Amino acid sequence: MAHGHDPHAQVTNTGIDNRKLGFWLFLSSESVFFACLIVGYLVYHGSNSGGPTPRDLFNIPLTTISTFVLLMSSLAMVLGVNSAQRGENRKGMLWTAITAAMGLVFLGFQVYEFSHFAHEGLTLSSSLFGTTFYVLTGFHGAHVAVGVIWLLSLLFYGRKGGLGADKADDVEVAGLYWHFVDIVWIVLFTVIYLVEFVS
Amino acid sequence: MKPEIHGGAQAHVKAHAHPTAKTFVSIGLVLAVITALEFGTYYVAGWGTLMYITLAVLSVVKFWLVGSYFMHLRYEQRILAGIFAVGVILATLMTIALKYVNLA
Amino acid sequence: MATAAVKTLGVLPRPTAQTGFWSWVTTVDHKRIGIMYGITAFLFFLVGGLEAFLIRLQLMKPGLEVVGASTFNALFTMHATTMIFLAIMPLLAAFMNFLLPLMIGARDVAFPRLNAFSYWSYLFGGIFINTGWVMGAGSGSVPNSGWFGYANLTSVKFSAGLGPDFWTLGLLLLGVGTLVSGFNFIVTILNMRAPGMSLMKMPIFVWTTLVTSVLVIFSFPAITVALLMLLFDRTFAANFFNVEMGASVVFWQHLFWTFGHPEVYILILPAMGIVSEILPTFSRKPLFGYSVMVFSTALIGFLGFTVWSHHMFAVGMGPVVNTIFSLTTMMIAVPTGVKIFNWLSTMWNGQVKLTTAMLYAIGFIMCFTIGGLSGFMHASAPSNTQQTDTYFIVAHIHYVLIGGSIFAIFGGIYYWFPKMFGRLLSEKLGKLSFWLVFIGFNTFAFPFHFLGLMGMPRRQYTYDSSMGWDFWNLVSTIGVFILTAGILTIIYNFVQTMRKPADAPADPWDGRTLEWTIPSPAPVYNFAQIPQVGLRDAFWFAKHPEKGQKAADSLSYPERSQQSLIHMPGQSYMPALLALGPTILAYGLLYMRSGKPFAMPAAILGVLLTLLGFWGWAFEGEGGTMIEPEEGR
C-alpha cells in the first residue's frame with residue numbers, strides 16, 4: 001500500500017529522513033528536560049508549609065478523565081497520520097482536527113484544576129508543593145498548547161488539498177511530538193497523582 | 001538540499017506488515033483498559049510497596065505501547081529506538097541519582 | 001558561474017542577495033555562519049580578556065582600588081561567563097560549522113536555516129547578557145554572582161539588582177541555539193557522509209564533533225531546568241531555592257553541575273579534535289591509534305555524566321558520595337591520558353614540521369597535560385577540601401581552557417585560515433605570537449598553583465600584604481601584559497593578511513582530509529562533485545599511495561554528467577527573526593518583577609514575533625538557487 005513519499009526526500013546514509021532523525025534526537029533530549037523538572041517535584045515532595053496538601057486537592061476521577069482524553073487524542077493523531085500516509089486527504093484533516101480539539105479539552109481540564117487549586121490556597125509562592133506542582137504540570141500544559149498550535153497550523157497548511165501523501169511526513173513529525181507529550185503525561189499522572197493515594 | 005550520494009538503504013519501513021487503523025484502535029483500547037486499572041488503584045488500600053511497583057509497571061507498559069505502536073518505533077530502524085532509549089535511560093538514572101543524593 | 005533562482009512556493013519570497021549586509025543576515029551557508037561565529041567570538045574573547053586584564057590590574061598589588069568590590073564581582077562573573085559561553089564555545093562552533101560538511105564531503109549541514117538560527121541566538125544572547133554594563137559596572141545590573149550562579153546568593157533577597165536576571169535569561173537564550181546545533185550536527189554526521197565514508201573512516205575532528213553534540217543535547221536540558229527554576233523564583237516568587245520555605249540550595253548545585261561537568265568536555269573535545277588533525281599533517285604520519293582515540297572520546301563523553309559532584313566535595317555530601325565521585329573522576333583521567341600518549345606517538349618518528357599551527361598543537365599537549373595533572377589532584381576528595389575555592393582551581397581551569405582549548409583554537413586558525421579566507425597568515429608573525437602567548441600564558445597562570453596552595457581564595461577583590469601573596473600576583477599580572485602583546489600580534493597578523501590577495505593554494509600543508517581537495521577559499525557549493533571515499537585519510541593516500549595501492553582506491557569521482565547543476569539551499573530572514581522574538585520576550589521578563597509598564601507588552605511582542613518566525617519558517621517554501629560549478633573539483 002502506498003506510503004507518503006516526499007518528493008524532496010533526501011538520500012541519507014541511515015535511510016532515515018533528516019527531519020525524523022533530528023526530531024527523535026529532540027525527543028530524547030526533552031526526556032531529560034522533563035526528568036529534571038520531575039526530580040524537582042520529587043525532592044520537594046511533602047513540603048506543604050501548612051497549606052493544602054496533594055491529598056487535600058487532587059481529584060482522581062476528574063484527572064483520570066482528562067488523562068483518558070489525552071490518551072485517546074493520541075489515538076486520533078495516529079489515525080490521522082495513517083490516513084495521510086494512505087492518501088486519504090480529508091480524513092487526515094478530520095483526525096488532526098479531532099486531536100487538536102481533544103488537546104483543547106485536556107487544557108480546559110488543566111485550567112479548571114489550576115484555578116480550583118488556587119482558590120483553595122495553593123499558589124506558586126504558597127509552598128514548595130505549589131511551586132513544583134504548577135511548574136511541572138504547567139510546562140507540560142505549555143507543551144500541549146504548543147502542540148495544539150502546531151496541529152492548527154497543519155490544518156491551515158492542508159486547507160486547500162487536505163493532508164495527504166505529499167504532506168504525510170509533516171503530519172508524522174507533528175504526531176511524534178503529540179505522542180511524546182502524551183507519554184510525559186502518562187508518567188506525570190502516576191508520579192504526581194496516583195502515588196499520593198498509595199497506603 | 002539534495003546531496004548526490006547513494007550510500008545506505010533508501011528503505012522507508014521494514015518489509016513486513018504495516019500497522020492498520022485496526023491495530024491502532026486495539027492499542028487504544030488496551031491503553032484505555034490500563035488507565036481504568038490505574039484509576040482502580042485509587043480505591044485499593046494496603047498494598048504498600050507492591051502498589052508502587054504496580055503503578056510503575058502499568059505506566060511503563062503504557063509508555064512502551066505508545067512508543068512502539070503510535071510512534072511507530074517497532075517498525076522503524078533500530079537506531080531511532082536506540083536514540084530515544086538513551087535519553088529515557090539517562091533521564092531515569094538522573095532522576096534516581098538526584099532524588100537519593102543528600103540535599104541537606 | 002550561472003545561477004537561477006528556484007521558484008518559491010511559500011507565502012513570502014526568499015531573499016537572494018549574494019553580497020552585502022543582508023546577504024550575511026539571511027545566509028544559511030555553513031561557511032559564512034562559521035566565519036560569523038568566529039569573528040563574533042573573537043570580539044567577545046577580547047571583551048573577556050579586557051575583564052581579565054582589569055582583574056589582574058586590581059590584584060597586581062595588595063590593597064589596590066583600581067576597581068571596587070562590586071565591580072570586581074561583576075568582572076570575574078562576566079570574565080568566566082564570557083570566555084566559556086561567548087568565546088570558547090562559539091570559537092569551537094566556528095570550526096565545527098565551517099569544517100564539518102567539508103570533512104565528510106557534504107554541501108551543507110542537515111538543517112541550514114536552523115544553523116543560522118543558532119548563530120543569531122548566540123549573537124542576541126551575548127548582547128543581552130552584556131546589556132547591564134550600560135547601567136554601570138558596580139550597579140548590580142551586571143551579572144555578579146559567579147559564572148555558576150549558586151543559590152541562594154542569586155535569590156532576590158540577596159541579589160536585588162538585575163544582574164542575576166540578565167544572567168539567567170541570557171543563558172537561556174544562548175542555550176537554545178547551542179542545543180539545536182547539537183541536533184543539527186548529529187543528523188549531519190549520521191546522514192550526510194560521502195559514499196564510502198563509514199563512521200570509522202571519518203576524520204577524528206568529526207568524531208569529536210559528534211560526541212560533543214551528544215553531550216550538548218543531554219546536558220543542556222539540566223541547566224535549562226535549573227535556570228527556569230531560578231527565573232520562576234526571581235520573577236514569579238516561586239520557592240525552588242527559597243530556604244525559608246524548606247528548599248535546598250544544594251539542589252541548584254546538583255542541577256547546575258549535571259550540566260556543568262559535561263560542559264567542560266564540550267569545551268575540550270572539539271579542541272582535542274583540532275589538535276588531532278594538525279599533528280598528523282605536520283608529522284606526515286597518520287594519527288596513532290585512531291580506533292583507540294575514537295573509543296576514548298566516546299568514553300570521556302559517557303563518563304562525563306558520572307562525575308559532576310566532584311565540584312561539590314566541600315558541600316558536605318558525606319563520605320560515601322564523596323568516595324564514589326572521587327573514583328569516577330579518577331577513572332575519567334584514563335581515556336584522557338591515553339589520548340596524550342597517542343598524540344606523542346603520532347609525532348614519534350614523523351617528519352615533524354614546526355609551523356605555527358604545529359607549535360600551538362604541541363603547546364596544547366604540554367599545557368593541557370599540566371591542567372590534567374592539577375585536575376587529577378582535585379579528584380581526591382580530601383585534597384580537594386584544601387584546594388577548592390582557591391587559586392589552585394583557577395590554575396587548573398586556565399591550564400585546560402587556555403593551554404588546552406585556546407591553544408587548539410589558535411592553532412586551528414593558522415591551519416584552516418587559507419581554506420576560510422584564501423590567504424595564508426604570516427608564519428613569521430605567527431611564530432612570534434605563539435612564543436608571546438606561550439610565555440605570557442605560563443607566566444600569568446603557573447603562579448596560580450603557588451597562590452592556591454598558599455591559601456589565596458578565589459573571587460576576592462584585594463588582599464593584605466601580610467599573606468605573602470604579593471610576589472606571585474605581580475608576576476602573574478606581568479604575564480598578562482606579555483600575553484596581551486601576543487594577542488595583539490595575532491590581530492595584526494590577521495589585518496595584514498586580509499590586505500593581501502586571496503591566492504592561497506588549495507592544499508598548502510599537504511593535508512590528509514577532504515577540505516584540502518577543494519579550492520581556497522572554499523567555493524559556495526563546497527564540492528563540484530561529491531567524492532567516493534575508499535579509506536581513512538583518503539586524500540593523503542590518493543596523493544601518496546602506498547605500495548600496491550592505486551590513487552583511485554582512496555578517492556574517486558563519479559563521471560561528470562551533462563546536467564551537473566547544484567541546488568543550494570534558500571536564504572531566509574526567519575532564523576534571525578526567530579532568534580529576535582525570544583530576546584524581546586527576555587527583555588520583557590527582565591522587568592516583570594519590578595512591575596515596569598512596558599514589561600508585559602514587550603513579553604507579548606516577543607511571543608508574537610516568535611510565532612511569526614515559526615510560521616514564516618514553516619510556510620516560506622523551499623527557495624534556493626541552482627548553480628553551475630566551476631570546472632574541476
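Some points to look at:
- A single entry from C:ILE88, C:ILE35, C:ILE127 fulfils the requirement of being in the same structural domain as C:GLY175 (by TED's automatic domain parsing) and open to solvent by 30 Å² or more (accessible area, probe 1.4 Å): C:ILE127.
- Taking the criterion of being β-branched (Val, Ile, Thr), over 18 Å from C:GLY595 (Cα atoms) and in contact (Cβ under 8 Å) with a residue 12 or more places away in the chain, the residues of region C:128-182 that qualify are C:ILE129, C:THR131, C:VAL142, C:THR154, C:THR168, C:VAL176, C:THR178, C:VAL180.
- When region C:373-405 is limited to residues that are among the small types (Gly, Ala, Ser) and touching a Phe, Trp or Tyr at 6+ places or on another chain (Cβ under 8 Å), the one that is surrounded by the fewest Cβ atoms within 10 Å (Cβ to Cβ) turns out to be C:SER374.
- Where C:GLN351 falls short, out of the listed (1) within 11 Å of another protein chain (Cβ to nearest Cβ); (2) open to solvent by 10 Å² or more (accessible area, probe 1.4 Å): (1)
- Failed criterion for C:THR346 (all others in (1) buried (at least 19 other Cβ atoms within 10 Å of the Cβ); (2) of a type in the set (Val, Ile, Thr); (3) under 24 Å from the mean Cα position of the chain (by Cα) hold): (3)
- Of the residues making up region B:70-82, just one is assigned to a helix (DSSP H, G or I), within 7 Å of another protein chain (Cβ to nearest Cβ) and open to solvent by 20 Å² or more (accessible area, probe 1.4 Å), namely B:ILE79.
- Residue, farthest from A:LEU194 (Cα to Cα), within region A:24-46, restricted to residues that are open to solvent by 30 Å² or more (accessible area, probe 1.4 Å) and more than 9 Å from chain B (Cβ to nearest Cβ): A:PHE26
- Matching option when the condition is assigned to a helix (DSSP H, G or I) and either modelled with pLDDT of 90 or more or crowded, with 16+ Cβ neighbours inside 10 Å (or both), among C:GLY606, C:GLY623, C:GLY570: C:GLY606
- Checking C:ALA74, C:ALA80 one by one, the residue that is at pLDDT 95 or above, under 16 Å from the mean Cα position of the chain (by Cα) and among the small types (Gly, Ala, Ser) is C:ALA80 and no other.
- Of the helices (runs of 4 or more DSSP H) lying entirely inside region A:1-90, those carrying at least 3 residues that are over 26 Å from B:TYR43 (Cα atoms) are A:18-43, A:60-85.
- Residue in region A:110-120 that is within 30 Å of A:ASP170 (Cα to Cα), among the aromatic types (Phe, Trp, Tyr), more than 14 Å from chain B (Cβ to nearest Cβ) and surrounded by fewer than 23 Cβ atoms within 10 Å (Cβ to Cβ) present: no
- Residue within region C:205-225 that is open to solvent by 20 Å² or more (accessible area, probe 1.4 Å), facing another protein chain (nearest Cβ under 9 Å), in contact with a helix residue (DSSP H, G or I) (Cβ under 7 Å, 6 or more places away or on another chain) and under 22 Å from C:ILE274 (Cβ atoms) present: yes
- Test: residue in region C:154-163 that is within 14 Å of chain A (Cβ to nearest Cβ) and either among the aliphatic types (A, V, I, L, M) or assigned to a helix (DSSP H, G or I) (or both): yes
- One residue from A:LEU128, A:LEU124, A:LEU79 being free of Cβ contacts under 8 Å to residues at least 40 places away in the same chain and within 14 Å of chain B (Cβ to nearest Cβ): A:LEU79
- From the options C:TYR122, C:TYR150, residue that is assigned by TED's automatic domain parsing to the domain that holds C:VAL206, surrounded by 24 or more Cβ atoms within 10 Å (Cβ to Cβ) and of a type in the set (Ser, Thr, Tyr): C:TYR122
- When A:ASP169 is tested against (1) charged (D, E, K, R); (2) within 14 Å of chain C (Cβ to nearest Cβ); (3) closer than 27 Å to C:GLY246 by Cα, only condition (3) is not met.
- Criterion applied to B:TYR100, B:TYR52 was being exposed (fewer than 14 other Cβ atoms within 10 Å of the Cβ) and over 17 Å from the mean Cα position of the chain (by Cα), and the one residue passing it is B:TYR100.
- Residues that are among the polar types (S, T, N, Q) and more than 14 Å from C:MET229 (Cα to Cα) were ranked within region C:153-187; the one that is most open to solvent (accessible area, probe 1.4 Å) is C:THR178.
- Count - residues of region C:228-258 that are more than 11 Å from chain A (Cβ to nearest Cβ), aliphatic (A, V, I, L, M) and open to solvent by less than 20 Å² (accessible area, probe 1.4 Å): 1
- Condition broken by C:TYR463, with the remaining ones in (1) surrounded by fewer than 19 Cβ atoms within 10 Å (Cβ to Cβ); (2) in a loop (DSSP other than H, G, I, E, B); (3) more than 26 Å from the chain's Cα centre (by Cα) satisfied: (1)
- Residue identified as at the interface with chain A (Cβ under 7 Å from one of its Cβ atoms) and part of a helix (DSSP H, G or I) among B:GLY67, B:GLY46: B:GLY67
- Residue satisfying condition, being open to solvent by 20 Å² or more (accessible area, probe 1.4 Å), within 12 Å of chain B (Cβ to nearest Cβ) and not small (Gly, Ala, Ser), within set A:LEU71, A:LEU94, A:LEU107, A:LEU62: A:LEU62
- Residue check for C:LEU100: over 30 Å from C:THR484 (Cβ atoms) and either hydrophobic (A, V, I, L, M, F, W, C) or at pLDDT 95 or above (or both): yes
The values are calculated or read from the model by the stated rules, or taken from the named source; none is laboratory data. Please read all numbers here as calculations on a predicted model, not as lab measurements. Neighbour counts run over all protein chains shown; Cβ positions are idealised from the backbone, glycine included. With ligands, DNA and RNA removed, areas are computed over all heavy atoms of the protein, side chains included. Shrake-Rupley method; radii C 1.70, N 1.55, O 1.52, S 1.80 Å.
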